[in-house]
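One structure is given here, and the rest of the page talks about it.
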Amino acid sequence: MTSHTEQPAITVLGLGPMGRALAGAFLDAGLRTTVWNRTPGRDRELVERGAVSAPSPEEAVTASRLTVICVVNYDAVDAIARRGAVTDALKGRTVVNLTADTPDRARDTAAWAAEHGIGYLDGAIMTPTTTIGTPAGVFLHSGPEELYLRHRPVLDALGGTHTHLGEDIGRAAAYDIALLDIFWTAMAGYAHALAVARAEGVTAQELAPFAKGIGTILPPLFEQAAEEVDNGVFSGEVNPITSAASSMAHIVHTSEAHGIDAGVMRAAEGLARRAIGRGHSRDGFLRVTELLNPR
Ligand code: NDP
């Protein structure tokens, strides 16, 4: 399955929604694209568009110098790649692992790759499948810079912005975890807000325009707070933590009056109250960062 043309080649292992989007973008960019997925049949549409369907992962990786893996987690990566035949086939080639997992798993996979003479870059995709191949995609990468620069032209076929975060292989996963922390805490808050609103006779669609307004308040706050947190300053001049705790208590009371679990907000209020108890009542809510992880 060796390419006899000068056409750049790429292999994609894993054809869930994201893997299919990645392979589709590579095809659209004119790359010779070889695909494999554990469950057969997920490549039907890609093959119709010109992808080569490999019968096994070892044959798939042999087709290209560069393999992108994008599966559910690193247990799945291990099940595919950390087996004799596939590991042997990867020797001397490069893997870009765009699967999401923890920084520790990224480091462990990099150690395995180094042991077997496999070039390894770890990455994270921060945007949904619909952004792949468009300017809206956001990709984070970490690992050896020379390897990243060498393969960057192929990665550019995915569109969007690519950021190399440094040689520490765990860095892309660290950003991913922190950013998903924001995302899932916000989504948990939104789900909870919709439940409380419904209990008060407000539909999700009635609330949504105002919910979007809350969303637009956050970006400037993120930037301002980042500078303060890095400098160990937690200004509460505009919105002191005492006010935040009071507002959180109202949410807890309203939720629980309707029999709605308020565990997430109780935890947040508890952190605010602890900070106040330690004498930080004039600080802003971001003082809790210091409680969670004292510098
Ligand atoms: P999933 O996270 O559901 O992953 C599905 C893929 O994982 C399929 O190819 C599936 O194969 C494979 N897989 C699962 N278990 C195994 C296993 N034990 N052995 C081999 N393959 C396995 O779907 P996505 O494609 O959406 O996500 C892939 C990655 O991309 C994830 O890490 C996700 O966090 C990340 N991502 C996804 C985004 C999205 O919008 N979808 C956005 C940003 C990141 P099979 O078909 O055989 O089950």
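The values are calculated or read from the model by the stated rules, or taken from the named source; none is laboratory data. Here the structure is a predicted model, which is why all the values come from computation and not from measurement. Here the Cβ positions follow ideal geometry from the backbone for every residue, glycine too, while neighbour counts run over all protein chains shown. SASA here: full protein model, heavy atoms, side chains in, ligands and nucleic acids out. Shrake-Rupley method; radii C 1.70, N 1.55, O 1.52, S 1.80 Å.
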Can you tell me which residue in region 67-77 is nearest to the ligand (Cβ to nearest atom), limited to those that are in contact (Cβ under 8 Å) with a residue 12 or more places away in the chain and part of a helix (DSSP H, G or I)? 76
Looking across region 88-104 at residues that are over 17 Å from residue 62 (Cα atoms) and open to solvent by 40 Å² or more (accessible area, probe 1.4 Å), the single one that is nearest to the ligand (Cβ to nearest atom) is 100
Based on this model, can you work out whether residue 222 counts as open to solvent by less than 50 Å² (accessible area, probe 1.4 Å) and among the aromatic types (Phe, Trp, Tyr)? no
Within region 114-129, the residues that are in contact with a helix residue (DSSP H, G or I) (Cβ under 8 Å, 6 or more places away or on another chain) and part of a helix (DSSP H, G or I) are 129
Take the residues of region 17-32 that are open to solvent by 30 Å² or more (accessible area, probe 1.4 Å) and within 15 Å of the ligand (Cβ to nearest atom): which is farthest from residue 153 (Cα to Cα)? 17
May I ask you to list the residues in region 278-295 that are within 17 Å of residue 235 (Cβ to Cβ) and assigned to a helix (DSSP H, G or I)? 285, 286, 287, 288, 289, 290, 291
Among what's in region 1-16 and is at pLDDT 95 or above and either more than 15 Å from the ligand (Cβ to nearest atom) or not in a loop (DSSP other than H, G, I, E, B) (or both), pick the residue that is surrounded by the most Cβ atoms within 10 Å (Cβ to Cβ). 12
Filter region 33-66 for residues that are surrounded by fewer than 20 Cβ atoms within 10 Å (Cβ to Cβ) and either part of a strand (DSSP E or B) or not assigned by TED's automatic domain parsing to the domain that holds residue 158 (or both) and give the result. 53
All conditions in (1) of a type outside the set (Phe, Trp, Tyr); (2) open to solvent by 60 Å² or more (accessible area, probe 1.4 Å); (3) in a helix (DSSP H, G or I) are true of residue 275 except (2)
Filter region 44-86 down to the residues that are charged (D, E, K, R) and more than 24 Å from the chain's Cα centre (by Cα), then identify the one that is farthest from residue 122 (Cα to Cα). 48
Residue set 225, 195, 199; condition touching a residue at least 40 places away in the same chain (Cβ under 8 Å) and touching a strand residue (DSSP E or B) at 6+ places or on another chain (Cβ under 8 Å); output residue 225
Residue satisfying condition, being within 27 Å of residue 268 (Cα to Cα), within 16 Å of the ligand (Cβ to nearest atom) and under 16 Å from the mean Cα position of the chain (by Cα), within set 125, 177: 177
Only one of these is surrounded by 19 or more Cβ atoms within 10 Å (Cβ to Cβ) and touching a residue at least 24 places away in the same chain (Cβ under 8 Å): 166, 117, 137, 159. Name it. 137
